[in-house]
Amino acid sequence: MPLPLLFAVALAAPGDTVLRNSAGSLLHWDSMPISYQADTENSAGLDQESALSAIVSASGAWTEVQGVGVDYRFRGTQTGLHGGYDQQNVVFFVDEWGGSADLLALTSTWSTDDGTIKDFDMAVNVDNHDWSLAGEPGLDDLQNALTHEFGHALGLGHDELHHEATMYPTAGVGEVDKRDLSQYDVDVAAWLYPASEASEDSGAGPPSSGCDAVGLPSLGAVLPAALLLFRRRKEVP
Ligand SMILES: [Zn+2]
């Protein structure tokens, strides 16, 4: 589909809990459900079925919330999934992480200049981190981290004011608190996605570009880079 796309600019200002793209538009999905696939193959020895369960539970945290019109739908596993703009929403594990080792996971979103999200990709860093599927001490809990990342995929940014928020920017090893949304997360999600409008289409179609290329558009509207980060909490002495 010919669309000018803008890569999401991460890191909202402190206190700002929604994301805007580089055109200044609020990131949002204009229709539900949000379908995604997962590639659970990993070199970390994580049981794939259990990892998948953690992924689905993480998206489910945003789906079954009163007053919030978000509906994530898992559409199956597939091997060889990777990032990039292809209008496939995917969750996958990265065995050779090219970025900062501090990052637990990274969610990229692609949106039109009006902020309509067209694609998200969620990468889990199994290169630099040891993961747990059960909140074990000393390990990073997968569901904990991914619940946070599924918030980013909705267009939510970091809530730096509330430690108890799922969208708080850091997590500690063994932490499972982010598996469950705080009221702060619910409030932001409900603001972006009021339940009564969950099934309505905005009617505002994406702007046309005349570009018929598959994948990345050729119009120069794509501004690459800018990542959504999820850092490990630094221990305070
Ligand atoms: Zn984050």
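Computed from the coordinates by the stated procedures, all read-outs in this text should not be read as laboratory data. Owing to the predicted nature of the structure, the values given are computational and were not obtained by experimental measurement. Cβ sites come from the backbone with ideal geometry, for glycine too, and all protein chains shown count toward neighbours.
Listing for the model above:
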quantity: Selection count, the range 91-135, where residues are among the polar types (S, T, N, Q) and under 12 Å from the mean Cα position of the chain (by Cα); calculated: 3
quantity: Residues (part of a loop (DSSP other than H, G, I, E, B) and under 18 Å from T147 (Cβ atoms)) located in the range 70-115; calculated: V70, D71, N89, L104
quantity: When residues of the range 109-130 are limited to those that are surrounded by 18 or more Cβ atoms within 10 Å (Cβ to Cβ) and under 26 Å from D47 (Cβ atoms), the one farthest from the ligand (Cβ to nearest atom); calculated: V126
quantity: Residue count, the range 145-183 (criterion: touching a residue at least 60 places away in the same chain (Cβ under 8 Å), assigned to a helix (DSSP H, G or I) and within 14 Å of the ligand (Cβ to nearest atom)); calculated: 10
quantity: Test: L192 is touching a residue at least 60 places away in the same chain (Cβ under 8 Å), of a type in the set (A, V, I, L, M, F, W, C) and either touching a Leu at 6+ places or on another chain (Cβ under 8 Å) or more than 12 Å from the ligand (Cβ to nearest atom) (or both); calculated: yes
quantity: Failed item in (1) within 12 Å of the ligand (Cβ to nearest atom); (2) of a type outside the set (A, V, I, L, M); (3) crowded, with 24+ Cβ neighbours inside 10 Å, with D140 passing the rest; calculated: (1)
